[in-house]
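What follows is one structure encoded as structure tokens, with my remarks underneath.
The values are calculated or read from the model by the stated rules, or taken from the named source; none is laboratory data. In this text the structure is predicted, and so the values were computed from the model without any measurement. No Cβ is skipped: glycine too gets one built from the backbone with ideal geometry, and neighbour counts run over all protein chains shown.
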Amino acid sequence: MEDLSLHILDIVENSTMAGATLVVIDILEDPKKNVLQITIEDNGRGMDQEMLKRVRDPFVTTRTTRSVGLGLSLLEQAAQETGGNMTVTSNTGQGTIVKVSFQTDHIDRKPLGDMGSTLTALIAGNPEVDFIYSDNLDNERMELDTRELRAELGDDVPMNDPAVLKFLRGLFEKPENS
């Protein structure tokens, strides 16, 4: 995967397939500590301890459409190549938390990528799931909670309505002069 946003997309898709109704994505960049940390937390089915021990193995997956599950193993490799690490915690019936950190200035750190497109695609493809997204990048804080947006829109406008998706995409666009 060329950038970290694609890894995030893959992990969150796993969350939604595991029945998550709420996914929290938090991205924190701390230049003083030279770290970029990504945390993805869901309230899906979670994993039992046996699966949790095997989840990093690229030949282990719960999917029936293919026999490999490269997502977490590739993400862990990307983190380790930059002096970072990954932890996965999960409990059956309680969800899963994936935390991954990267050394920010490492030459091998992949770019974050287009989080606006990634988040918009996730919401468009999973309109019944709520997402809480926050980042602290370039000393700017960005927060989005689809539960708040749903409350404003009411029951008549679905989250994957084209006007809603256009609005969401616009939240991530930076002004030309910034």
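Points to keep in mind about this one:
- Annotation note: of Thr61, Thr39, Thr21, the sole residue that is of a type in the set (Val, Ile, Thr), surrounded by fewer than 16 Cβ atoms within 10 Å (Cβ to Cβ) and either closer than 22 Å to Val129 by Cβ or modelled with pLDDT of 95 or more (or both) is Thr21.
- So Phe167, is it more than 16 Å from Val23 (Cα to Cα), touching a Leu at 6+ places or on another chain (Cβ under 9 Å), among the aromatic types (Phe, Trp, Tyr) and in contact (Cβ under 8 Å) with a residue 12 or more places away in the chain: no
- Just one of the listed residues (Asp161, Asp138, Asp114) is closer than 19 Å to Thr39 by Cα, at pLDDT 90 or above and not aliphatic (A, V, I, L, M), namely Asp114.
- Filtered by the rule that a residue be polar (S, T, N, Q) and outside any helix (DSSP H, G or I), the range 11-38 gives Thr21, Asn34, Gln37.
- Pairing each residue of the range 140-163 that is free of Cβ contacts under 8 Å to residues at least 24 places away in the same chain with any residue that is of a type in the set (Lys, Arg), provided the two are 6+ apart or on different chains, yields C-beta distances under 9 Å for Val157/Arg150.
- Filter result for the condition that a residue is within 30 Å of Lys53 (Cβ to Cβ), part of a loop (DSSP other than H, G, I, E, B) and among the charged types (D, E, K, R), over Asp108, Asp155: Asp108
- Which listed residue is of a type outside the set (Val, Ile, Thr), surrounded by 14 or more Cβ atoms within 10 Å (Cβ to Cβ), in contact (Cβ under 8 Å) with a residue 40 or more places away in the chain and on the phi > 0 side of the Ramachandran plot, from Gly95, Gly84: Gly95
- Take the conditions (1) surrounded by fewer than 16 Cβ atoms within 10 Å (Cβ to Cβ); (2) in contact with a strand residue (DSSP E or B) (Cβ under 7 Å, 6 or more places away or on another chain); (3) within 17 Å of Glu76 (Cα to Cα); Asn34 misses just one of them, which is (3).
- Residue check for Ile8: part of a strand (DSSP E or B) and at pLDDT 95 or above: no
- Here Leu165 fulfils each of the conditions (1) surrounded by fewer than 12 Cβ atoms within 10 Å (Cβ to Cβ); (2) touching a helix residue (DSSP H, G or I) at 6+ places or on another chain (Cβ under 6 Å) apart from (1).
- Which numbered condition Arg66 fails, given (1) at pLDDT 95 or above; (2) under 21 Å from Met17 (Cα atoms): (1)
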